1. Being in a helix (DSSP H, G or I), aliphatic (A, V, I, L, M) and crowded, with 18+ Cβ neighbours inside 10 Å is the filter here, so list the residues in the stretch B:98-113 that pass it.
2. Applying the selection to the stretch C:382-438, what residues are of a type in the set (Val, Ile, Thr) and within 29 Å of the chain's Cα centre (by Cα)?
3. How many residues does the stretch B:291-312 hold that are buried (at least 23 other Cβ atoms within 10 Å of the Cβ) and either touching a Ser or Thr at 6+ places or on another chain (Cβ under 7 Å) or more than 30 Å from B:Trp395 (Cα to Cα) (or both)?
4. With the requirement that a residue be crowded, with 24+ Cβ neighbours inside 10 Å and either among the basic types (Lys, Arg) or assigned to a strand (DSSP E or B) (or both), what does the stretch C:355-365 give you?
5. Which count do you get for residues in the stretch C:162-196 that are over 19 Å from the mean Cα position of the chain (by Cα), within 24 Å of C:Ser230 (Cα to Cα) and surrounded by 24 or more Cβ atoms within 10 Å (Cβ to Cβ)?
6. Is one or more of the residues making up the stretch B:298-310 in contact with a Lys or Arg (Cβ under 8 Å, 6 or more places away or on another chain), under 22 Å from C:Tyr384 (Cα atoms) and aliphatic (A, V, I, L, M)?
7. Which residues, taken from the stretch B:128-165, are basic (Lys, Arg) and surrounded by fewer than 22 Cβ atoms within 10 Å (Cβ to Cβ)?
8. Spot the failing condition for B:Val332; the list is (1) crowded, with 23+ Cβ neighbours inside 10 Å; (2) touching a helix residue (DSSP H, G or I) at 6+ places or on another chain (Cβ under 6 Å), and only one is missed.
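The values are calculated or read from the model by the stated rules, or taken from the named source; none is laboratory data. Keep in mind that what you see is a predicted model, and the values were worked out from it rather than measured. Positions of Cβ are backbone-derived with ideal geometry, glycine not excepted, and every protein chain shown enters the neighbour counts.
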Amino acid sequence: MLTIKDISASVDGKEILKGINLTIKAGEVHVIMGPNGSGKSTLSKVVAGHPDYQITNGEIVYDINFKKKNLLDMEPDVRAKEGIFMGFQYPVEIPSVSNEEFLRAAFNEICKYQGVEDMDPLDFQDFLKEKMDFLGMGEKFINRELNVGFSGGEKKRNEILQMAVLSPKISFLDETDSGLDVDALRVVGEGINKLKRRDNAIILITHYHRLLDYVKPDFVHVMYDGKIVKTGEESLAYDIEKNGYDSIIKESQN
Amino acid sequence: MKLIDRISDFPKYRKNESWKYSDISFLKEKEFQIVQEDHHHFINSDFKKKEFIGDAVVVFIDGVLSIKDSKFHEDFTILPLNQAFLRYPEKIESSFQIPESDSTFVDNLNRVFSESGVYIEKKSTNKTLIQLIFYGENKKTDIPILSSPRVIFFGAENSNCSFLETHISCREEFLTIPVTDIILEKNSTLNYYRVKHEKNGTHLGMTKILQKENTTFNAFLFQGDSPFSRHELSVFLNEKYAKTDISAIYASKGSNHIDNQVSVYHQSPDTESEQFFKGLLKDSSTAIFNGKVSVLRDAQRSYSKQLNQNLMLSNKATIFTKPQLEIDADDVKCSHGATSGQLNREELFYLQSRGVSKEIAIKMVSKAFADEALNRVKEPFIKNYVQNILDSYFWEI
Amino acid sequence: MVGNEQFLSKDYKYGFTTNIEVDELPKGLNEDIIKAISKKKGEPEFMLNFRLSVFEKWKTMAEPHWADFDYNPIDYQNLKYYSAPKKKDGPKSMDEVDPELLDTFEKLGVPIHERARLAGVAIDAVFDSVSVATTHQELLSKHGVIFCPISEAVKKHPELVQKYLGTVVPPTDNFFASLNSAVFSDGSFVYIPKNVRCPMDLSTYFRINASETGQFERTLIIADEGSYVSYIEGCTAPMRDENQLHAAVVELIALKDAEIKYSTVQNWYAGDKNGVGGIYNFVTKRGKCAGSGAKISWTQVEAGSALTWKYPSVILQGDNSIGEFYSVALTNNYMKADTGTKMIHIGKNTRSRIISKGISAEYSTNTYRGLVRIAPSAENARNYSQCDSLLVGDKCSANTFPYLEVKNSSATLEHEATTSKISTDQIFYLNSRGLSTESAISLLINGFCKEVFKELPLEFSVEAVRLLEMRLEGSIG
């Protein structure tokens, strides 16, 4: 579904990604772990098209409906319309735009792009209610200004709600589990689990294995210094939790 | 000597933004005299017992520094300004780095008449308090006295200090123009308290602060009593991570006129300021709050908050409030607000319905209003000191 | 993201000029010119005397200059004070209106000829110094509503004009108001009789076409007891390198229990991206709630002009009267806007509400300046003010100067203000959810201004959003 081929990227002339290769197929769950500064967040931002990052090498091929598309040629909003989603580590606060207004605008833009008819506000409210019930979220969320004054947990849950509404094909969730208490983690974890389908793929970027109590990964990748240095199964995450990254990093340097 | 003989351009009432609501033209034709250096009176021990609350106390009598009445402490370098000029010329020079604020009249007036001043430096981090008492003596003179003291305070690098400035006078008529210049060097902290409760006279005071990197300036200001009182506070957040937090109470009564001018200039990135001014107005008094926050082009990621609240305790009082923002940088968080209103009827009714008399209820609610600012005072004895002044104000409600 | 060039190409679509034969007076300002204007208008004597006496006083007044907002000096002797499209004489019917003019207004989106008229709105179209057409006259007159060019009202309803003209904005109120009082050539006049709810929105569309001409229109709206009217004003001008002066005066009078809702979308030419040219918009707008229970509500979307000084105000004289001010002001490039309101509370239980949203971009300066005055007589007055600023880019300025003067302490006042910005992070966040940059800006602007937009007539609020988006594109990202 998504093939990341030898991607290198830099910000302000400083190289952060140094040749990333990753293949993601429909129905898969990938986990990317790694110490701070290893380039995990950069990878998701590059996929989403953040303007601060310059791609210096490689390509990202997106395979959708039997068509191969070059993701790097697309504006960020077009990528989103094509079904790429990034869950932000630090969701941006946007005052005076209500959560509902925003979700409806985004949803309708995507509908328009995909040639589906807009949803009128009332139908959308029902649709939204359904998604929120599905994720076990309270209604108070919806009339508040987008992410403004949200607690860390609320912001992350709101990211998952957006994912549920926009129904993307490929979701990069950047540290969606950090800064959450046990209850919020459960809501987020179960939410992600419910949104997992056979035709989409989820990539979790995380420091901890605790989210993996809710979402079972097919692959675990370890990033270090802008490269993927090891790929394994779920057990690798537990291994790292116990023994840290040192041995893996050493291994990769030899 | 008449003021108009020495000063030609008085600020224009209504025309000059800073003097829009304060008319000082009544001073022009008044006769004043300046007390000379050798004119010493010693203050009595009762007064000392009551008013001396600092570890070090610097006393000015009628605007003249009185070394004999002062009390020294090893944590502070204290020198008459003329001696400091000789001993630390470069320091005194550097105090002129403080930029000019929008209104320069008071500053200039002080310079014209200043005969006496003091230089203070704090180097240590000991939690010691320096107090400056500006005292008007209880002695009749034919011609009212004009006093124009100047203080230059240095908070040395990494120092920590508390500074209390009290203005008390027994004279019936006078003009005082006290100016305090404060420079905070890197990583220093200053808690500044200014309590003005002269019963009479005209008070035109000013405090200017230049803050360098990672300095903290916490201020509490009180203005009460006297027929005409004005204080200007200008804070220059000159380097990054400078932080300022100003809270104030002004309490006017009778036909008093109290003017609060405060300007905060964010001149560097990552600076913070907060202003919290609470006004109590009784009888047919007038109060002014003119607060300005200015964020310069380069001062990105600045944070500023300004709030002025006024409680009108009579039907004839007048409040002029002007909370201004001037923003030239985009990545800032700034908010300001002002309110004016009478006591909350619901609150009064609630208290009355629980058996509290109306008079007591009014006092309780007014006190609670002032306490929001007063509670920010960390030193308990200064808090008590102001509380006592306020209690007598509430007593007369 | 949208590049600058693309933005500029669709910057100001109203910048064209109309080639039309004109009837104009020579440049210069003196008694003869004023007499000539009055004569061209066929005015009764009281009007000429009004003009001449104001002109005497104007000559002694000084042009205002403030440090922050200075402008190139205006040579008042080098301006034309009257320029009108040539027309056949006699009262005009729509067929007689020059097709070139009909075309012009059509291009501006203001169709005035029979076929294409806007159904719900009656329009008075003012071209340079004169009104060229007023639509829906018949229906309005059935309800007793008078809606006509003020030059016509001076002749047909002198008693109303004489009674109210200059009562809200005294002829010597300020330099530009005085100038207007001496030389105004046209504008709209509205009278709504007692207890009549005006059956449709009334609208005036102002167009400056001629060069080296000042526009000095004058609007007078009187809502008699218990009546209601909603009035809309729009304006555009061609792109010219010189600065043109627009010094209008608008007076509103709401008698007992009457309500006037006045909406403006101001889109005068603002100069080019280097700040060359554009309109000086020095306008005096003021309403008086003369009777108890009266209400005046100003709503403005200010998106044009090189320099704007404008403070639509309300004098709350009647007890229980209400004044409202809703404003969105957008400045871009080198524009400067200094706008706000004055709420003068005189009557008891008077209420006012101020919602001001300033958006500044590029090198522009956007200032809110407002006064809330509670007179000693204004027992239990209330005011709420909210002034928010949005900064786009790091070279612009946003200032807030609220003056609160309370001389009756039973009043309750509240003022709040915030500043925020549109950041590239916000745009990227919205992009990453599928919103194009254009939609993202629109969402942000709509959100920021929604309290004001909801006060505009529907079709205007759509227009306003489009206008602001257009003005902002290219400044973000």
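1. B:Val106, B:Leu109 - these are the residues of the stretch B:98-113 that are in a helix (DSSP H, G or I), aliphatic (A, V, I, L, M) and crowded, with 18+ Cβ neighbours inside 10 Å.
2. C:Val392, C:Thr400, C:Val406, C:Thr418, C:Thr419, C:Ile422, listed by residue number.
3. 10
4. Residues satisfying the conditions are C:Ser356, C:Lys357, C:Gly358, C:Ile359, C:Ser360, C:Ala361.
5. 1
6. No, every residue in the stretch B:298-310 fails to be in contact with a Lys or Arg (Cβ under 8 Å, 6 or more places away or on another chain), under 22 Å from C:Tyr384 (Cα atoms) and aliphatic (A, V, I, L, M).
7. Result: B:Lys139, B:Lys140.
8. Only one criterion is unmet by B:Val332, namely (2).
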